[in-house]
1. So for the chain, taking the charge dipole from beta-carbon charges (+1 Lys/Arg, -1 Asp/Glu), which of A77, N98, L189 sits furthest toward the positive end?
2. Number of Lys pairs in the chain with C-alpha atoms less than 30 angstrom apart, excluding same-chain neighbours closer than eight positions?
3. Roughly how many nanometres apart are two label points built 7 Å out from the Cα toward the Cβ at S60 and E28?
4. Rank V248, A52, G156 by how far each Cα sits towards the positive end of the charge dipole of the chain (+1 on Lys, Arg Cβ; -1 on Asp, Glu Cβ) and give me just the farthest.
5. What is the sum of charges around A192, taking Lys and Arg as +1, Asp and Glu as -1, for the other residues whose C-beta is under 12 Å from the C-beta of A192?
6. I'd like the distance separating the alpha-carbon centroids of the range 186-224 and the range 68-82, in whole Å.
7. Report the residues of the range 38-80 in range of a label on T18: point 7 Å along Cα→C-beta, backbone N strictly under 14 Å from it.
8. Specify which labelled value, from [x] 44; [y] 21; [z] 28, agrees with percent of Cα pairs over 32 Å apart derived from the coordinates of the model shown.
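Quick note: the coordinates plus some simple rules give every number you see, no bench work behind them. Keep in mind it's a predicted model, so treat the numbers as computed, not measured. Neighbour counts run over all protein chains shown; Cβ positions are idealised from the backbone, glycine included.
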Amino acid sequence: MASLDGRGMGMNIVNRHTGSIIFSADAESMGKLVEMAVLSGANLFRANLSGANLFRANLSGANLFEANLSEAYLSEANLSKADLYEANLSGANLSEANLSKADLSEANLSGANLSEANLSGADLFEANLSGADLSGANLSEANLSGANLSKANLLGADLSEAYLSGANLSEANLSKANLSGANLSEANLSGANLFRANLSGANLSGANLSGANLSGANLFRANLSGANLFEANLSEAYLYEAVLINAVGYCK
């Protein structure tokens, strides 16, 4: 592992680009070393932690700005309020991790496992979550504006009051997801599976829902003005008091 450098005494965390030592100490594992670094207030900017085993590590409030955590094992880790701006978490295992109020803006989470993770209030502005597993995840009140969630698995996820304006959710699985009160204005949901999803009170104005499966979805008081519903499946969808002004492709 590139981040496990044997130079000098103990274990080292190195810079992903230069290889220079960021933090060094005697530790029994990489997980303990990183916890020590965070506890000491060390700046882990651009740290190379690719493939590191950080299972259940306490990294709350850590500065991991632009860090390389690709393929890292972070299941059940505590990353609440951590700074992961532009971090590389592609292919990482973050199942059941706590990422509440973490800064993941512009981070790469493509193909990551975030099942059952807590991302409530997290900032995921323009983050790459394409193909990520977010089944059962808590994304309530998270900022996902401009994020790429194409082909992501959000089965049963909680996205209530989340901000998804301009997000790419094409071909995403949102079956049985809770999107009540979410802002999906101008979002791309073409080909998405929203079977029995809760979209009550959601803002879908100008959204692209062409070819989406909305069968059995709850769209009570949802705003679908100007939305593209061409070839969308709305069978058994609940549309009471939904706004459909200038919606394209909608037929009663």
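1. Farthest towards the positive pole: L189.
2. 10
3. For S60 paired with E28, the spin-label model returns 2.2 nm.
4. Going by the charge dipole, the pick is V248.
5. 0
6. So the two Cα centres are separated by 31 Å.
7. Label zone hits: 43-48.
8. [z]
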